[in-house]
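Student: Sending over a structure as structure tokens; questions will come in a sec.
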Amino acid sequence: MSNRAGQRAEPSDLVDLTALLDAYYDVVPDPANVAQRVVFGTSGHRGSSLNGAFNERHIAAITQAIVEYRTSAGITGPLFMGKDTHALSEPAQNTALEVLAANGVNVLIDARNGFTPTPAVSHAILVHNSTRTEQADGIVVTPSHNPPADGGFKYNPPTGGPAGSDITNWIADRANQLLENGLDGVKRIPVGEARLADSVGTYDFLQRYVEDLPSVLNLDAIRSAGLHIGADPLGGASVDYWGAIAEQHHLNLTVVNPNVDPQWAFMTLDWDEKIRMDCSSPYAMASLIARADQYDIATGNDADSDRHGIVTPDAGLMNPNHYLATAIDYLYRNRSGWSADAVVGKTLVSSSMIDRVTADLGRVLMEVPVGFKWFVPGLLSGEAAFGGEESAGASFLRLDGRPWSTDKDGLLLALLASEMTAVTGKTPSQRYRELTSRFGDPEYARVDAPATREQKAALAKLSPSDVTATTLAGEEITARLTEAPGNGAPIGGLKVTTENAWFAARPSGTEDVYKIYAESFKGEEHLHQVQAEAKAIVDGVIS
């Protein structure tokens, strides 16, 4: 970790916006270079124009591929499109509009020509599809919390949430084919014509989202309690939303920093000296943490507002795992309109505190692989009332059990912290300490271990029988998992559990390392033992 972590960014840390935008148009990606091809991760295609990974040709090809996918899937409703505050988001949206309009797709962009959080797009899709037969889908132009030099482009099908790999693989393959053919097959008109096309309209994402919040949150309790809330958009797409929420619902809410700067010069540096709008990082959130005592609850969001960071006067920035467990405990005890059979969804690398809370609630746990897409079917059907992942992303149902969003909603989870405080009289961090007094106080950490490409491939293809160890850190192994218990989907790695501990190992998609997530209810020393033995077990089966 850098000794500059948590310190204010300096001019030398800032991206050259002119070079960044010039590169978007001028750099021609080489499809023969694997680093410059279209690749959809868990949240779309991401990269920087400066290294040929996110350029005009990528977006033109991806958008044409999406148009062709929509046709093959019979999707004939409007396509809702939003963008965040990254510098590359505006030109990428323009390129997408050129292609969508040329193909005659009915696309709806923000009526205020502003920025649109990811959850507002998901919410718009679900609201439209709930009453119409012609189903809508969406595009969000965002690299989430990634540094200012990055761009991102993600597709949400009519389910409203992140597209599954069956869809994204098809789109990526077709987009790369178009790149290889020099964009032959891409229909396109100039952006000026596109914005005036009959097929291009507008949608008031902000108003529709903000006015609907009472259907999912107890805002009356927050207002009556008079809590002073500090909301920091971190220069992201939620910047206008927080002010509108405060005004429309009469909340005592201060927008801590209303500035939008595509260089993010006001940010404090993350652990590696990068500017990263990660609201779960104490270094990126250092400015808000320093002002925690000024608010009853303070919150932060990343650039597209799908993640949340919760800051309390008594504990500072909460660990995302701690907040998820607390939110689950509160929600399932205070949502009488939810089905008694609705399960709790979590990713398999999230804290086992959630398992213990879920068991105490008498609910069923649905444990799925990493990626919010796995929660989409459950949230859409109501089978799952809550879905959350350890990287500070979650969403849950409306008060009456209908879906609110099937993508992560950082504004929703941030406001929930205030509702929880108003209703219980205790902050989420105080509530978490009550949980640890009942269920134990786990230690959780993630570390990286070196691995070759071949070793990472071997890790992704393990079977439970490949692990011959019978104990882990002095406890009997109770499960060896290569498929998620909640849905049977491959986890792309390995999870090993005992009565009081577990570890999960997954290959990195971008670096020559694999990630070891581990947790112990027997203290920090035991956690270190789990981590050491986990590395030995994994190295033994992939080498």
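Student: Checking the structure you have, find out if any residue of the range 340-353 is closer than 27 Å to Val216 by Cβ, open to solvent by 30 Å² or more (accessible area, probe 1.4 Å), in a helix (DSSP H, G or I) and in contact (Cβ under 8 Å) with a residue 40 or more places away in the chain. Don't jump to the end; show me each part of the working.
Tutor: Step one: filter the range 340-353 for residues closer than 27 Å to Val216 by Cβ, giving 340-351, 353.
Then drop every residue that is not open to solvent by 30 Å² or more (accessible area, probe 1.4 Å), which leaves 340-341.
Imposing the further condition that a residue be in a helix (DSSP H, G or I) reduces the set to none.
Taking every residue of the range 340-353 in turn, none turns out to be closer than 27 Å to Val216 by Cβ, open to solvent by 30 Å² or more (accessible area, probe 1.4 Å), in a helix (DSSP H, G or I) and in contact (Cβ under 8 Å) with a residue 40 or more places away in the chain.
Yes/no matrix, rows are residues, columns are (1) exposed (fewer than 13 other Cβ atoms within 10 Å of the Cβ); (2) of a type in the set (Gly, Ala, Ser); (3) within 30 Å of Ala231 (Cβ to Cβ):
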| position | (1), (2), (3) |
| --- | --- |
| Gln430 | no, no, yes |
| Phe439 | no, no, no |
| Ala445 | no, yes, yes |
| Gln455 | no, no, no |
| Leu481 | no, no, no |
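Student: So which residues in the range 223-255 are open to solvent by 10 Å² or more (accessible area, probe 1.4 Å), in a loop (DSSP other than H, G, I, E, B) and either under 18 Å from His308 (Cβ atoms) or in contact with a Leu (Cβ under 7 Å, 6 or more places away or on another chain) (or both)?
Tutor: Leu227, Leu251, Asn252
Student: Restricting to the range 39-59, name every residue that is out of contact with any Phe, Trp or Tyr (no Cβ under 7 Å at 6 or more places or on another chain) and in a loop (DSSP other than H, G, I, E, B).
Tutor: Val39, Thr42, Ser43, Gly52, Ala53, Phe54
Student: Does the range 270-283 contain any residue that is surrounded by 19 or more Cβ atoms within 10 Å (Cβ to Cβ) and outside any loop (DSSP other than H, G, I, E, B)?
Tutor: no
Student: Can you tell me which residues in the range 94-147 are part of a helix (DSSP H, G or I) and either of a type in the set (S, T, N, Q) or farther than 17 Å from Ser405 by Cβ (or both)?
Tutor: Scanning the range 94-147 gives Asn94, Thr95, Ala96, Leu97, Glu98, Val99, Leu100, Ala101, Ala102, Thr118, Ser122, Asn129.
Student: What number of residues within the range 402-428 are crowded, with 16+ Cβ neighbours inside 10 Å and free of Cβ contacts under 8 Å to residues at least 12 places away in the same chain?
Tutor: Total meeting the criteria: 1.
Student: With the structure loaded, tell me whether Ala449 is touching a residue at least 60 places away in the same chain (Cβ under 8 Å) and not in a loop (DSSP other than H, G, I, E, B) or whether it fails that test. Walk me through how you get there before you give the answer.
Tutor: Values: touching a residue at least 60 places away in the same chain (Cβ under 8 Å): yes; not in a loop (DSSP other than H, G, I, E, B): yes.
Spelling it out, Ala449 is indeed touching a residue at least 60 places away in the same chain (Cβ under 8 Å) and not in a loop (DSSP other than H, G, I, E, B).
Student: Pull up the range 489-543, narrow it to residues that are open to solvent by 20 Å² or more (accessible area, probe 1.4 Å) and assigned to a strand (DSSP E or B), then point me to the one that is nearest to Glu443 (Cα to Cα).
Tutor: Thr497
Student: Regarding Leu183, is this residue open to solvent by 10 Å² or more (accessible area, probe 1.4 Å), more than 21 Å from Thr427 (Cα to Cα) and not in a helix (DSSP H, G or I)? Can you show your working first?
Tutor: Working: open to solvent by 10 Å² or more (accessible area, probe 1.4 Å): yes; more than 21 Å from Thr427 (Cα to Cα): yes; not in a helix (DSSP H, G or I): yes.
Judged against the criteria, Leu183 is a match.
Student: Of all residues in the range 10-38, how many are touching a residue at least 60 places away in the same chain (Cβ under 8 Å), open to solvent by 60 Å² or more (accessible area, probe 1.4 Å) and not in a helix (DSSP H, G or I)?
Tutor: The number of residues fulfilling the criteria is 1.
The values are calculated or read from the model by the stated rules, or taken from the named source; none is laboratory data. In this text the structure is predicted, and so the values were computed from the model without any measurement. Because the Cβ atoms are built from the backbone with ideal geometry, glycine has one as well, and the counts that use them run over all protein chains shown. Ligands, DNA and RNA are excluded from the accessible area calculation, which covers all protein heavy atoms including side chains. Shrake-Rupley method; radii C 1.70, N 1.55, O 1.52, S 1.80 Å.
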